[in-house]
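Beneath this line is the structure, given in structure tokens, with notes to follow.
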Amino acid sequence: MNKNKKIPELLVPSGNIKTLKYAVAYGADAVYIGGKLFNLRSFGENFSISDLEEAVSFCHEKNVKTYITLNSIIFESEVKIFKEYLEEIMHIDFDGFIVSDPAAIKLINDYFNDPCIHISTQANVTNSLGVNMYKELGAKRVNVAREIKFDDLRQIVKNAAIEIEVFVHGALCISHSGRCMLSKYMAGRDANKGECAHSCRWKYYLLEQERPNMFFNIIEDNSGTYIYNSRDLCLMRKLDLIVDAGVSALKIEGRMKTESYIAQTVWAYKKALEYIKEDSFNAEKKDILIKELNKCSHRNYTEGFMFAGDYRELEDNEGVGYIKDYRFIGLYNGYSEKYALPMILVKNQFKTGETVEILEPGCDLPKAVKIIEIMIIKNNSEFLSETANPNDIVILKDAGKINPYSVLRIKC
């Protein structure tokens, strides 16, 4: 093990208390969360004031940092509302504030004593001059634009006077670091206020000026035509290079994602960082971790602009759509004293005879178990069934005892 190697913070998304607890269980060093106002996931469940209090308290008990996202654009008419919201949350001991509007920097400094301000990728910082300008404004960290190249990243880290953070996994936007107006033009929902309708994922046709009502497919796969449909970022194979560049934090996207996504991605990236620390992050281990990431529902992966070369991969979106090779079938839902076994809340249907994979915090690899018997618990009675359906509570004797933060999945 290389004790001198600097391992970056693993920063993980959480959209509610439940996913936050999974993020912590699987090894997040820090989580980022959004309240009910001024965050760029306004259609998510998000955190009430009491949820924010609980989240920070829970994370601090586990020595995990908690950052709140206040990264939407603030219009003149919203300044008073922003101040009022800061007054509501100023008693909460956040470890950091993620912002993109310079006004937020000033206002947060007005309401909090020596706040740790992080600049969002939404600010489109692409060089060390921009990084150091934000330092002068009081920022402690900048998440650089996703469009930069790796050589630029190394130079930015070298010349920056504050911490540098990069996205390494998750959804990509077709706009420059997310500053997109397509949704607002087409649906009246402002992506820069957290209301994105994902218009870039819609199906489009070509219409010729002299031929009204004649719609032409552009490129079609089995699902339709999606000319703006971007791939998902996955920098797992280059993670050692990014770590060696000296970044301070690696960020995963996905505050709208499920417990399953959080568990699987955090497990994979945490394991990768352990291998990097041990100087054992070789091609074989990268293949294993990519195989695990492929079990999440995802679009075709890309290494994005940082390692894209001629960008042809990013331009080729034919056939890009959600890949669902595995289905998320259940979560731990309490313990049966009667059977001395865990109860499982079913998320998607499964049947006897299928093989379930169980991923647990800290495991080297998920374990595989063939399901011979499904016992359904319902209305204080139990009965055997060959099929478990969503929202059933079941006992799987074949699975044995499992960690309370286990996720269960089955190959489709």
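Quick note: the coordinates plus some simple rules give every number you see, no bench work behind them. What you are looking at is a predicted structure, and each value in this text was computed from that prediction instead of being measured. Quick reminder, even Gly has a Cβ in these numbers, built from the backbone with ideal geometry, and neighbours come from all protein chains shown.
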Task: Inter-label distance for GLU54 and ASN380, nm, one decimal - labels placed 7 Å from Cα along Cα-to-Cβ - done: 2.8 nm
- [ ] Would you calculate the separation in nanometres between label points at MET256 and ASN213, each defined as 7 Å from the Cα along the Cα-to-beta-carbon direction?
- [x] 3.5 nm
Open item on the list: Need one number: the % of Cα-Cα pairs in region 241-314 sitting beyond the 19 Å mark.
Closed with: 45 percent
Open item on the list: Using DSSP to call loops (not H, G, I, E or B), can you name the GluC sites (Glu not before Pro) in region 372-412 whose Cβ has at most 13 other Cβ atoms within 10 angstrom?
Closed with: GLU373, GLU386
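I need the peptides 75-85, 11-21 ranked by packing, meaning the mean over residues of other C-beta atoms within 10 angstrom, with the highest value on top.
So the order, starting with the most tightly packed, is 11-21, 75-85.
Quick check on the chain: of the DSSP beta bridges with both residues there, what percent are antiparallel, nearest 5%?
55 percent
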Task: Degrees, to the nearest 10: 283-293 long Cα axis against longest axis of the chain - done: 80 degrees
Task: Neighbourhood net charge (13 Å Cβ-Cβ; Lys/Arg +1, Asp/Glu -1) for GLY96 - done: -3
Open item on the list: As a quick test, which of the pairs LYS6/LYS285; LYS18/LYS270; LYS286/LYS401; LYS251/LYS401 have an alpha carbon distance above 25 angstrom in this structure?
Closed with: LYS286/LYS401; LYS251/LYS401
Task: Around LYS271: net Lys/Arg minus Asp/Glu count, Cβ-Cβ under 15 Å - done: -3
TODO: Give me the compactness ratio for region 107-181, meaning the Cα radius of gyration over 2.2 N^0.38 Å.
DONE: 1.14
- [ ] Sticking to Cα atoms, compute the Rg of region 1-125 to one decimal and its Dmax as the biggest Cα-Cα distance, whole number, in Å.
- [x] 14.8, 54
Open item on the list: Suppose a student asked you for the relative contact order of region 326-411, using Cα pairs under 8 Å spaced at least 6 residues apart; what percent would you report?
Closed with: 40 percent
TODO: Let me know the Rg and Dmax you get for region 314-412 when you use only its Cα atoms, in Å.
DONE: 15.3, 57
Task: Pairwise centroid distance, computed over Cα atoms, of region 1-43 with region 250-297, Å - done: 14 Å
Open item on the list: As a test of the definition: which semi-axes, in Å, follow for the chain when you take the square root of five times each eigenvalue of its alpha carbon gyration tensor? Largest first, please.
Closed with: 35, 28, 24
TODO: Show me 230-241, 343-354 ranked by packing, highest mean number of other Cβ atoms within 10 Å first.
DONE: 230-241, 343-354
- [ ] Please give the calculated 222 nm ellipticity per residue for the chain, where each DSSP H segment of at least 4 residues contributes -39500 (n - 2.57) and the sum is spread over every residue; nearest 500 deg cm²/dmol?
- [x] -7500 deg cm²/dmol
